[in-house]
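The values are calculated or read from the model by the stated rules, or taken from the named source; none is laboratory data. Please read all numbers here as calculations on a predicted model, not as lab measurements. Ideal geometry is used to build each Cβ from the backbone, glycine not excepted, and the neighbour counts take in all protein chains shown.
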Amino acid sequence: MAGKTLYDKVWDAHLVDEQEDGTVLLYIDRHLVHEVTSPQAFEGLTLAGRKPWRTDSMLAVADHNVPTTSRDEGIEDPVSRLQVETLDTNCEAFGVTEFSMTDHRQGIVHVIGPEQGATLPGMTVVCGDSHTSTHGAFGALAFGIGTSEVEHVMATQTLLQKKSKSMLVSVDGQVGPGVTAKDIVLAIIGEIGTAGGTGYTIEFGGHAIRALSMEGRMTVCNMSIEAGARAGMVAVDETTIDYIKGRPFAPTAEQWEAAAAAWRTLVSDDDAQFDKVVRIDAAGIEPQVSWGTSPEMVTSVGGVVPNPETVDDATRADGMRRALEYMDLKPDTPMTDIGLDRVFIGSCTNSRIEDLRAAAAVIQNRQVADSIKQALVVPGSGLVKRQAEEEGLDKIFTAAGFEWREPGCSMCLAMNADRLEPGERCASTSNRNFEGRQGAGGRTHLVSPAMAAAAAIAGHFVDVRSFV
Amino acid sequence: MKAFTQIKALAAPMHRSNIDTDAIIPKQFLKSIKRSGFGVNLFDAWRYLDEGFPGQDPNSRQPNPEFVLNQARYAGAQVLISGDNFGCGSSREHAVWALDDYGFRSVIAPSFADIFHNNAFKSGLLPIVLPADVCAKLAEDCENTEGYRLDINLQAKTVTTPDGEVHSFDVDEFRRDCLLNGLDDIGLTLQKRNRIENYESTRRTAAPWLFNSQ
Ligand code: SF4
């Protein structure tokens, strides 16, 4: 019998029941909760007279609607305020641990889970949020669910699931200097497409992935949903285990050795069979910039805006035309000729300490270009913010003309006050360049933190490698 | 859950790929803590010329005459024919609630994003996967034929066109059963309470660190 993949191992360890058609009841270890997708679930519980099965599996935080300016005044928008207050009330009523808006540990749910050690290898982790895939970086099986499923997990600690197929994306060899985890994952999506992972759970492997820090692995897994995958995973190694040690929710002294030993088995067996294998040469990956309205519409910074007339597939060409019109871009324009209005460094993809360090390193002793209306840095959590301040990164950003904000989702999706105006163009370290994502009519280009920083200085995209 | 058995209903074509959940229901409407009332903002940015925000008077909006669902011939459509990767993007079930609230009972596409596909069943919105060329043909016929109605039979797992052409589709048995009978997942799962408890106690011994909290 062939060996098991990492996905098989975690899946098998969580089977509670299996029906004839292959639908299984999967046990859920960790349930992260935020304000946008939970109110109707809590309400559903209440209406049915049900209680959460295991409140200690839950950790809640408000992130999407929170202001990134001072929190002292509360939330100005009454609709946003009500949603955040509803989370507070529900967590209190049901006894769920919540990091409230003024807690110094508050932040984006996918940043604080790992930061607190609430995300552990081998766990099943869910959240009513598609970027739950982030937590797969720890060798966990982590995926986003809808609100009805949030309610199902609250009430039963399980989910009804069917197993997906498995894909190995092996990024072989070494990336060049200035090429980051973000560039790797954008290049992968550019290669396999936004539906390339549909029906699959992806394991990211290969030397270039192994060489990444936990922050980098989280960036890669974060965007596996952008390739359509159910989840993204990275095998456990010493990098994983070192990251977890000493975090608040991590195993205590007497459990630690047993836990770490169990985690070390969370790798795909040598003879494991994947349903699909994609190999990518790391050395060929260059810093990436998206040009369209889907994350697969991406190219190297040295490239040009593609021309739909050269594409045979009519539906694809049509999609490209629509995207170019929305983005107000002409075919064959060099990416480095694209000027920007705003720069956003933040989101659950790229707002961790390593991301801020990378951006600060590019910015140091330079100034944001005059043509840039706003350059924002939004740390992923209160703890990231504090660490960055201890390292003096905030000073580097503000001296260059960046605004240094409080943690939250912010301009990643513009549910709070941070947004693009219609027609504005933004270099963003977030994960989605959909129409209107960062504000109605706004135009998003996805890049790495270092590339965003360089673009802020130059006023247009530049190859960060010519900066370093 | 709302049951789905059979409908014979007007279809509308939106034959493009990667219709994402941000397009289906833009983020400003996700601030609602309710499950209903999303239909007026379905496809908001495409459907209206003015910018939408929560709490607006729907009569004050400027519909975009170019947008397909604003054409009189598609009023009352219950079936949407779309392109690849429908519902990609965020996990927001609000996208399904908006389609449902607007009046859609089924979406036909060559492929769906995983989370959207799961969510759809929970509100009795039937996602039907048909081959890309079939979807393209249905969309084309729909555009060329006023009053184009599709007959969708979940029991038989078929879509029948006005010309009598029958396309079969696949759906998980368990999901089909839940949908046909309007069964509540949570109630069903709670019938297995003992199994969940047994699993939990075994696991608690084997991997106690999974049960730590702060
Ligand atoms: S940062 Fe953006 S992608 Fe991440 S959870 Fe927040 S809104 Fe979603």
note = When every residue in segment A:345-359 that is away from chain B (no Cβ under 14 Å) and part of a loop (DSSP other than H, G, I, E, B) is compared, the one farthest from the ligand (Cβ to nearest atom) is A:Arg352
request  = Name the residue, out of A:Thr69, A:Thr86, that is assigned to a loop (DSSP other than H, G, I, E, B) and touching a residue at least 12 places away in the same chain (Cβ under 8 Å).
outcome  = A:Thr69
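Results for (1) more than 16 Å from the ligand (Cβ to nearest atom); (2) within 21 Å of A:Trp263 (Cα to Cα), shown as yes or no for each residue.
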position	(1), (2)
A:Ser80	no, no
A:Glu85	yes, no
A:Pro114	no, yes
A:Ala140	yes, yes
A:Gly144	no, no
A:Thr147	no, no
ask   = What is the number of the single condition among (1) in contact with a strand residue (DSSP E or B) (Cβ under 8 Å, 6 or more places away or on another chain); (2) away from every other protein chain (no Cβ under 12 Å); (3) not in a helix (DSSP H, G or I) that B:Leu99 does not meet?
value = (3)
key: Checking A:Leu59 against (1) more than 12 Å from chain B (Cβ to nearest Cβ); (2) within 30 Å of A:Glu403 (Cβ to Cβ), the condition it does not meet   = (1)
query = In the list A:Val126, A:Val109, which residue meets the criterion of being closer than 16 Å to A:Asn431 by Cβ and either at pLDDT 95 or above or within 14 Å of the ligand (Cβ to nearest atom) (or both)?
reply = A:Val109
task = Would you be able to say whether some residue in segment B:181-188 is facing chain A (nearest Cβ under 8 Å) and surrounded by 13 or more Cβ atoms within 10 Å (Cβ to Cβ)?
result = yes
query = Looking at segment A:235-248, is at least one residue at pLDDT 95 or above, farther than 23 Å from A:Thr132 by Cα and charged (D, E, K, R)?
reply = no
ask   = With (1) more than 27 Å from A:Asn416 (Cα to Cα); (2) out of contact with any strand residue (DSSP E or B) (no Cβ under 9 Å at 6 or more places or on another chain); (3) not hydroxyl-bearing (Ser, Thr, Tyr) as the list, and A:Pro331 as the residue in question, which single condition is left unmet?
value = (2)
key: Residue ranges of helices (runs of 4 or more DSSP H) in segment A:163-257 with at least 1 members within 16 Å of the ligand (Cβ to nearest atom)   = A:181-192, A:214-222
message = Test of understanding: among A:Val301, A:Val311, A:Val267, A:Val278, which residue is touching a helix residue (DSSP H, G or I) at 6+ places or on another chain (Cβ under 7 Å) and surrounded by 22 or more Cβ atoms within 10 Å (Cβ to Cβ)?
response = A:Val301
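Take the residues in segment A:418-433 that are surrounded by fewer than 24 Cβ atoms within 10 Å (Cβ to Cβ) and within 12 Å of chain B (Cβ to nearest Cβ); name whichever of them is nearest to A:Ser224 (Cα to Cα). Steps first, answer last, please.
The first filter runs over segment A:418-433 and keeps only residues surrounded by fewer than 24 Cβ atoms within 10 Å (Cβ to Cβ), leaving A:419, A:421-425.
Remaining after also requiring within 12 Å of chain B (Cβ to nearest Cβ): A:419, A:421-422.
Working: A:Arg419: 25, A:Glu421: 29, A:Pro422: 29 Å.
Looking at the filtered set, the residue picked out is A:Arg419.
Listed here are the residues, each with its yes/no results for (1) more than 23 Å from A:His64 (Cα to Cα); (2) at pLDDT 95 or above; (3) touching a strand residue (DSSP E or B) at 6+ places or on another chain (Cβ under 8 Å).
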site: A:Ile345; (1), (2), (3): no, yes, yes
site: A:Ile353; (1), (2), (3): no, yes, no
site: A:Gln367; (1), (2), (3): yes, yes, no
site: A:Ser371; (1), (2), (3): yes, yes, yes
site: A:Ala375; (1), (2), (3): no, yes, yes
site: A:Gln387; (1), (2), (3): no, yes, no
query = A:Glu92 versus (1) away from chain B (no Cβ under 13 Å); (2) outside any loop (DSSP other than H, G, I, E, B); (3) in contact (Cβ under 8 Å) with a residue 40 or more places away in the chain: which is the lone unmet condition?
reply = (3)
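Tell me, which residue of segment A:304-344 that is charged (D, E, K, R) and either under 30 Å from A:Glu391 (Cβ atoms) or assigned to a loop (DSSP other than H, G, I, E, B) (or both) is nearest to the ligand (Cβ to nearest atom)? Step through it out loud before you land on a result.
Quick first cut of segment A:304-344, residues charged (D, E, K, R) only: A:309, A:312-313, A:316, A:318, A:321-322, A:325, A:328, A:330, A:332, A:337, A:341-342.
The next check asks that each one be either under 30 Å from A:Glu391 (Cβ atoms) or assigned to a loop (DSSP other than H, G, I, E, B) (or both); those that pass are A:312-313, A:328, A:330, A:332, A:341-342.
On the way: A:Asp312: 33, A:Asp313: 29, A:Asp328: 24, A:Lys330: 29, A:Asp332: 31, A:Asp341: 20, A:Arg342: 16 Å.
Across segment A:304-344, the extreme among qualifying residues is A:Arg342.
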